[in-house]
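Asks: The structure's right below; bear with me while I get my questions together.
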Amino acid sequence: MPAMEELMRVFRDRADHVTPSGAPLVGTFGDGLPEALIRAAGARAVEVKAPPLADAASGPQVAAVTRVAEGFLDDFTARFLHRFAAGAFDSYAMIVFARDDVAGLTAYQYATELRRLGHVPPTGPRLHLWNLLHGQSEAIARFNATEAERLDAALTEATDAALSPDTLTEALSREAARAQALTRLEGHPDLFTLRNAGRWLEAEAHAALLDTVETVEEPQTGLRIGLIGTACDLPLLHDLARHFGRVTADLTPYGDPWPGQHLGQSETLLRDVAEVPLHIRANPPRRYGEALRAGLASCDLVIASPDHNDDSFGWDLPTLARDLAGQGTRFARLPLRPFRPDAAWIDTAHSRIEEALA
Amino acid sequence: MTMAAAATSYQRDWIKGLRAEITQGAPFAFVNADTPHEIFHFMDVPMVTNQWWSAVIAAKQQAPFYFDWMEDAGFHRHLPKYSSLPLMALLEGDAARQPWGGLPAPALLCARASSDEHARIFQLWSDETGAPLHLLSAPAVPDPAPDWWVQARSKWEDFYGTARLDLMVAEIEELIGAVEKMTGRTFDRDAFAAYMDRIDRQEKILDEVSQMIAEAPKVPVGIGEQMPNVMIPQWHRGSDWALQHVEAFRDEVAQRIRDGHAACPNERIRMMWIGAGLWFDTSFYKAFEESHGATFAWSMYLPFAADGYIREDHGDPLRALAARVSAMNEQLHQPPWVNAWMVEQAKRYRIDVALLLIPEHDRFSGYGSLFVKQALEAAGVTVIEVWSDMVDPRDWDREAVVAQVTEALDKLEERT
């Protein structure tokens with residue numbers, strides 16, 4: 001299968017694309033956990049937060065989950081819980097939930113509680129909360145080190161393999177190769193999809209596929225567009241933006257930061273990841289705001305898209321709008337985004353961008 | 001005057017006094033409810049609690065104005081309201097419109113990153129006022145045992161985890177350094193131990209009161225009176241006034257029980273109100289007394305004063321404080337803690353019906369609600385979901401909620 005087609009298929013099928021063979025599977029819910037740590041423990045990292053695209057139409061609906069899932073529960077969490085309860089991850093050795101992901105803590109708490117109450121079978125993957133804190137203090141670094149030890153112990157128990165500095169260095173070099181392969185494709189109109197397909201591929205397999213994708217650069221004309229907002233696992237905002245110019249900065253959670261934010265040297269990896277400022281839960285928020293503004297500095301148009309369950313991003317929008325207006329940057333606020341937007345939402349979003357440019 | 005009226009009056013005078021102090025140059029701190037207030041009290045730094053001030057603004061029926069303004073200012077409608085109402089009052093800018101003339105600019109801000117909005121709301125406070133912000137980290141307890149109210153009073157080191165407590169102690173130490181710098185005073189660790197001991201006494205008195213109300217043949221003090229009697233001393237915990245007040249409150253409750261006084265003389269149904277107060281319509285708590293003999297015996301504020309605050313110091317009061325703070329809010333909202341505690345409390349208070357406040361735009365408070373519902377129903381309690389915000393009345397339809405509760409109470413009476 002040609003690389004492009006394969007990457008598109010992986011992006012579409014997501015965790016359902018991954019079949020157990022060889023290395024134990026370790027699910028990751030949310031960013032904040034470097035995949036290299038899992039690889040270094042002899043396991044394969046598989047993102048479980050974003051469901052397969054077919055899930056929207058034919059995903060499981062488990063009554064035990066429906067009974068406890070409030071209507072305002074984060075959609076990623078709700079869909080994960082239904083899939084978890086239906087056994088989608090039963091072959092996994094472990095699922096690691098990132099506390100710093102907006103939906104991660106709730107997903108972990110609901111999954112563990114469903115299991116404790118006997119509403120889902122006690123079998124299935126070990127569930128682990130990864131409490132990485134973002135910040136630069138020594139106290140935070142010490143806490144993160146103990147979290148790393150706890151993760152290491154849990155991974156060792158779940159996968160029967162121990163992480164070592166050598167295996168971590170090797171895993172990080174594979175991640176660096178993946179990042180390098182992505183660099184070659186900068187400007188590709190499908191970069192969002194090509195990049196995120198790697199969440200369900202091992203780094204070297206992802207890099208190998210990317211290496212055979214032909215470079216297609218979008219014309220370097222038109223408006224330079226920045227995308228900001230809460231997690232959107234579809235190329236929706238890119239598709240919208242394409243009508244108005246080219247995306248030069250996608251600072252959303254499924255945007256440019258991954259996988260680069262998980263790179264580093266083995267000795268300093270966690271500290272490096274903890275200090276990445278472009279993270280909605282970065283501590284303190286001022287660092288996030290500064291990083292966001294720096295990332296948008298060269299944009300002509302910024303498109304903001306919070307989802308309908310947002311309780312983080314919306315706080316920054318009024319001041320950001322004011323700051324961008326002050327520097328002459330156009331700013332389009334899209335209507336609050338449902339999990340799987342329909343044609344009417346897309347039309348309204350399109351109109352909002354047109355209004356911002358009028 | 002009842003003790004509830006005395007507490008409210010004290011707090012009103014205190015705020016007025018605070019304004020005068022600040023006008024003369026005294027610094028004050030504006031902080032979230034789940035932060036170590038003890039540091040500010042002990043260092044004689046006046047302190048205003050965000051959620052308390054939010055409740056006051058809502059009780060004065062000013063929330064709709066500010067939330068309409070909030071949307072006009074570009075904040076979207078689904079953002080959490082409880083913790084942001086004071087911020088909106090600040091940003092709107094007309095202090096004279098606010099209760100008691102509003103708050104002056106704080107000298108220091110403190111919040112815990114226990115939910116997504118807190119850090120960002122307080123960052124906006126900091127940007128607007130220039131006050132330095134102290135953000136405390138809030139890593140979650142990875143494997144929480146459900147019975148936190150049993151474990152956490154004494155065995156908190158194991159329960160909350162050494163690494164989490166080390167972190168919290170380090171961040172509190174940093175806060176102490178900032179307060180020392182701000183005040184020019186030194187933090188006296190021996191005296192702090194004595195102060196923490198006074199708080200422990202205060203919370204144990206409230207524990208007694210809770211037990212008295214739970215066991216009384218009829219509820220002697222409804223939750224409308226419980227709340228000011230508990231929360232205002234809590235905002236001043238460890239002070240002479242707070243200790244005297246909770247002692248007097250205990251005595252008043254004991255006297256009422258001896259006198260056979262009942263908040264609802266025809267009490268037939270005991271109810272619990274789960275969630276923060278319905279601050280804009282507190283008279284709702286008495287809406288079913290006459291029609292159904294249904295009285296609210298329980299809200300979280302009184303029992304939480306004991307279960308959430310009593311932490312044996314084991315010779316290290318600062319670490320005990322870290323234990324008190326490190327999961328304060330989480331215990332009230334996250335499974336398995338909240339559902340397990342609600343069942344334990346419902347049994348203790350002999351509850352028949354629970355009204356469960358589900359604030360859909362305040363997701364941190366709303367999460368876990370349906371686990372609570374399921375657990376209480378399994379324990380034989382009738383649960384009524386009340387989909388409303390605690391401070392934003394714009395979508396509150398009292399008539400509809402009264403009809404909903406009436407129907408459930410009618411059915412319950414038919415069955416019994």
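Asks: Within the stretch A:266-335, which helices (runs of 4 or more DSSP H) (wholly inside it) include 3 or more residues that are surrounded by fewer than 23 Cβ atoms within 10 Å (Cβ to Cβ) and either modelled with pLDDT of 95 or more or facing another protein chain (nearest Cβ under 8 Å) (or both)?
Replies: Filter on the stretch A:266-335 gives A:285-295, A:317-326.
Asks: What residue, among those in the stretch B:51-75 that are more than 13 Å from chain A (Cβ to nearest Cβ) and either in contact with a Ser or Thr (Cβ under 6 Å, 6 or more places away or on another chain) or in a loop (DSSP other than H, G, I, E, B) (or both), is surrounded by the fewest Cβ atoms within 10 Å (Cβ to Cβ)?
Replies: Per the stated criteria, the residue is B:Q61.
Asks: Turning to a different aspect of this structure: A:D74 - would you say it is surrounded by 22 or more Cβ atoms within 10 Å (Cβ to Cβ) and under 18 Å from the mean Cα position of the chain (by Cα)?
Replies: yes
Asks: Okay, moving on. Suppose we filter B:A20, B:A105, B:A7 for residues that are closer than 26 Å to A:R286 by Cβ, hydrophobic (A, V, I, L, M, F, W, C) and at pLDDT below 95; which single one remains?
Replies: B:A105
Asks: Could you tell me how many of the residues in the stretch A:45-71 are surrounded by fewer than 22 Cβ atoms within 10 Å (Cβ to Cβ), farther than 12 Å from A:A86 by Cβ and more than 14 Å from chain B (Cβ to nearest Cβ)?
Replies: 6
Asks: Can you tell me how many residues within the stretch B:94-125 are more than 19 Å from A:H134 (Cβ to Cβ), charged (D, E, K, R) and not in a helix (DSSP H, G or I)?
Replies: 1
Asks: For the stretch B:333-352, which positions are at negative phi, of a type outside the set (V, I, T) and more than 14 Å from every other protein chain (Cβ to nearest Cβ)?
Replies: Those that are at negative phi, of a type outside the set (V, I, T) and more than 14 Å from every other protein chain (Cβ to nearest Cβ): B:E344, B:Q345, B:A346, B:K347, B:R348, B:Y349, B:D352.
Asks: While we're looking at this one, here's another question. Looking at (1) crowded, with 19+ Cβ neighbours inside 10 Å; (2) of a type in the set (S, T, Y); (3) over 25 Å from B:G184 (Cα atoms), which is the only condition B:T2 fails?
Replies: (1)
Asks: Of the residues in the stretch B:146-161, how many are touching a residue at least 24 places away in the same chain (Cβ under 8 Å) and within 11 Å of chain A (Cβ to nearest Cβ)?
Replies: Qualifying residue count, the stretch B:146-161: 1.
Asks: Would you confirm, using the coordinates I've provided, whether A:D233 is within 12 Å of the chain's Cα centre (by Cα), within 24 Å of A:A344 (Cα to Cα), not assigned by TED's automatic domain parsing to the domain that holds A:R14 and not β-branched (V, I, T)?
Replies: Judged against the criteria, A:D233 is a match.
Asks: Can you list the helices (runs of 4 or more DSSP H) lying wholly within the stretch B:334-416 that have 2 or more residues being hydrophobic (A, V, I, L, M, F, W, C), in contact with a His (Cβ under 7 Å, 6 or more places away or on another chain) and surrounded by fewer than 16 Cβ atoms within 10 Å (Cβ to Cβ)?
Replies: Fully inside the stretch B:334-416 and qualifying: nothing.
Asks: Exactly one condition in (1) buried (at least 22 other Cβ atoms within 10 Å of the Cβ); (2) over 27 Å from A:A41 (Cα atoms) is not met by A:L236; state its number.
Replies: (1)
Asks: B:R189 fails exactly one of the following numbered conditions: (1) touching a residue at least 40 places away in the same chain (Cβ under 8 Å); (2) within 14 Å of chain A (Cβ to nearest Cβ). What is the number of that condition?
Replies: Here B:R189 clears every test but (2).
Asks: Mind telling me which of the residues B:R201, B:R164 ends up being in contact (Cβ under 8 Å) with a residue 12 or more places away in the chain, basic (K, R) and within 13 Å of another protein chain (Cβ to nearest Cβ)?
Replies: That would be B:R164, the only listed residue that is in contact (Cβ under 8 Å) with a residue 12 or more places away in the chain, basic (K, R) and within 13 Å of another protein chain (Cβ to nearest Cβ).
Asks: Further question: Would you be able to say whether some residue in the stretch A:162-170 is more than 14 Å from every other protein chain (Cβ to nearest Cβ), surrounded by 20 or more Cβ atoms within 10 Å (Cβ to Cβ) and either out of contact with any strand residue (DSSP E or B) (no Cβ under 6 Å at 6 or more places or on another chain) or within 19 Å of A:G27 (Cα to Cα) (or both)?
Replies: The answer is yes, given that some residue of the stretch A:162-170 is more than 14 Å from every other protein chain (Cβ to nearest Cβ), surrounded by 20 or more Cβ atoms within 10 Å (Cβ to Cβ) and either out of contact with any strand residue (DSSP E or B) (no Cβ under 6 Å at 6 or more places or on another chain) or within 19 Å of A:G27 (Cα to Cα) (or both).
Asks: For the stretch A:72-112, how many residues are touching an Asp or Glu at 6+ places or on another chain (Cβ under 7 Å) and among the small types (G, A, S)?
Replies: Residues that pass the stated criteria total 2.
Asks: Among the residues of the stretch B:161-197, write down those that are in a helix (DSSP H, G or I) and of a type in the set (S, T, Y).
Replies: Matches in the stretch B:161-197: B:T162, B:T183, B:Y195.
Asks: Within the stretch B:76-91, how many residues turn out to be within 11 Å of chain A (Cβ to nearest Cβ), surrounded by 21 or more Cβ atoms within 10 Å (Cβ to Cβ) and part of a loop (DSSP other than H, G, I, E, B)?
Replies: Result for the stretch B:76-91: 5.
Asks: In the stretch A:139-146, is there at least one residue being more than 11 Å from every other protein chain (Cβ to nearest Cβ) and surrounded by 21 or more Cβ atoms within 10 Å (Cβ to Cβ)?
Replies: No, the conditions are met nowhere in the stretch A:139-146.
Asks: A further question follows. Check B:A111 against each of (1) aliphatic (A, V, I, L, M); (2) under 20 Å from the mean Cα position of the chain (by Cα); (3) under 22 Å from B:E360 (Cβ atoms) and name the one condition it does not meet.
Replies: Only one criterion is unmet by B:A111, namely (3).
Asks: Please enumerate the residues belonging to the stretch B:119-133 that are touching a Ser or Thr at 6+ places or on another chain (Cβ under 8 Å), facing chain A (nearest Cβ under 10 Å) and in contact (Cβ under 8 Å) with a residue 24 or more places away in the chain.
Replies: Answer for the stretch B:119-133, where residues must be touching a Ser or Thr at 6+ places or on another chain (Cβ under 8 Å), facing chain A (nearest Cβ under 10 Å) and in contact (Cβ under 8 Å) with a residue 24 or more places away in the chain: B:I121, B:L124, B:L133.
Asks: Condition first: without any contact (Cβ under 8 Å) to a residue 40 or more places away in the chain and within 14 Å of chain A (Cβ to nearest Cβ). Now tell me which residues in the stretch B:94-117 satisfy that.
Replies: B:A113, the sole residue that qualifies.
Asks: Separate question: Return the residue satisfying two criteria in turn: it lies in the stretch A:74-103 and is within 10 Å of another protein chain (Cβ to nearest Cβ) and in contact with a Leu (Cβ under 8 Å, 6 or more places away or on another chain), and of such residues it is modelled with the highest pLDDT.
Replies: A:F97
Asks: Can you find a residue in the stretch B:358-378 that is touching a residue at least 40 places away in the same chain (Cβ under 8 Å), in contact with a helix residue (DSSP H, G or I) (Cβ under 6 Å, 6 or more places away or on another chain), more than 12 Å from chain A (Cβ to nearest Cβ) and within 30 Å of B:D147 (Cα to Cα)?
Replies: no
Asks: Quick check on the stretch A:98-129: of everything there that is over 19 Å from the mean Cα position of the chain (by Cα) and hydroxyl-bearing (S, T, Y), which residue is surrounded by the most Cβ atoms within 10 Å (Cβ to Cβ)?
Replies: If we take residues in the stretch A:98-129 being over 19 Å from the mean Cα position of the chain (by Cα) and hydroxyl-bearing (S, T, Y), then A:Y110 is surrounded by the most Cβ atoms within 10 Å (Cβ to Cβ).
Asks: A further question follows. Considering only the stretch B:183-238, state which residues are among the β-branched types (V, I, T) and more than 21 Å from B:W52 (Cβ to Cβ).
Replies: Hits for the stretch B:183-238 are B:T183, B:T186, B:I213, B:V219.
The values are calculated or read from the model by the stated rules, or taken from the named source; none is laboratory data. Everything numeric in this text was worked out from a predicted model, so none of it was measured. Note that we place each Cβ from the backbone using ideal geometry, even for glycine, and neighbour counts take in every protein chain shown.
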